Amino acid sequence: MIPKNIEAEKNLLSSFLTEHGVSKFDEVASIIDESDFHRVQNQIIFRCMRNIIISGAELDEISLSEELKKFGLLEEVGGIVGMMGAVNHTGMVQVKLCCEIIKEKSNLRKLIKCFRVSVEDMQAETKDSGEISAEVENVLTELNNSSQTDKGINLSLQEVQEEFERILDGSYVPNVVKTQIDHLDDKLNEGGIG
C-alpha cells in the first residue's frame, strides 16, 4: 500500500478557499509543494492555487476553475465536479497538521521509490554497492535537510524583525567569517562590500 492521506490533501486544499485562505497557504508554502500531494488532481489544483495567489488575484472556486481552464487542466481534474470534489470540504481544518501529514507521506513515498530502485540496481548488478549506497545516502540527507530547514514566511519575517530591532538598539553583532585581511574584515563588518 502506498503511503497517502487523501482526506488531509482535500482538507488542506479546501482551507485555502476559506476567509483567511491566503495566509493559510503562506503558512505551508515553504514546507510543501505540488509534488508532495499523492493525487495528480490535487497536485494540479495546488499549482493553480499557487499561481492565483502569486498573481495577487482573489482565490475562490471561480478563479480556480478559470485558472484550470486557462491552462487546459480542468478536464485533468475531472471537470468542475472533480475540482469541487477536491476542494469542497468544510469543517475545522488544522492546516499545519494536514501539511505535516502530507509531507510525511510524501517523504515515505520518496524513500520507497529510492529503495525499490536500489534493490533493482542490486539485483541487476548494474552498479556497485558504493554507488547504490551513495544514492540512498543522498536521498536520506536530502529528506533530512528539507525537514530541518522548512520555515514558514511568518517565522522568517519574525527573524528579520528581531535582527532589525537589534540593529536599531545597537546590540546587533554581524555574523561574518573573519578572513584575517584587515581591510576586507572592516568592510564585511560594516555590512559588506558594495
What FRET efficiency do you get for residue 108 and residue 173 if R0 is 41 Å and r is their Cβ-Cβ distance, rounded to the nearest 0.05?
0.50
Let me cross-check residue 65: its accessible surface, 1.4 Å probe, with only protein heavy atoms counted, in Å² to the nearest 10?
10
How large is log10 I(q)/I(0) at q = 0.14, 0.19, 0.24 Å⁻¹ when the Debye formula is applied to the Cα atoms of segment 1-73, each weighted equally and without solvent?
-0.40, -0.74, -1.17
By what distance, in whole Å, do the Cα atoms of segment 32-83 stretch along each of the three principal axes, largest value first?
27, 25, 16
Rank these by accessible area, largest first, 1.4 Å probe: 142, 27.
142, 27
Estimated distance in nm for a label pair at residue 57 and residue 69, the labels positioned 7 Å out from Cα along Cα-to-Cβ
1.0
What full-extension length gain, to one decimal in nm, is calculated for residue 121 and residue 140 as 0.36 nm per residue of separation minus the Cα-Cα distance?
5.1 nm
Grab every C-alpha pair in segment 1-149, bin the distances at 10 angstrom width from 0 up to the longest one, and report whole percents.
11, 36, 28, 16, 8, 1
Report P(r) for segment 69-140: all Cα-Cα distances, bin width 10 Å, range 0 to the bin holding the largest distance, values in whole percent.
16, 24, 24, 21, 14, 1
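The values are calculated or read from the model by the stated rules, or taken from the named source; none is laboratory data. These numbers come from a predicted model, not from an experiment. Because the Cβ atoms are built from the backbone with ideal geometry, glycine has one as well, and the counts that use them run over all protein chains shown. Side chains included, ligands, DNA and RNA excluded: accessible areas come from the protein's heavy atoms. Shrake-Rupley method; radii C 1.70, N 1.55, O 1.52, S 1.80 Å.
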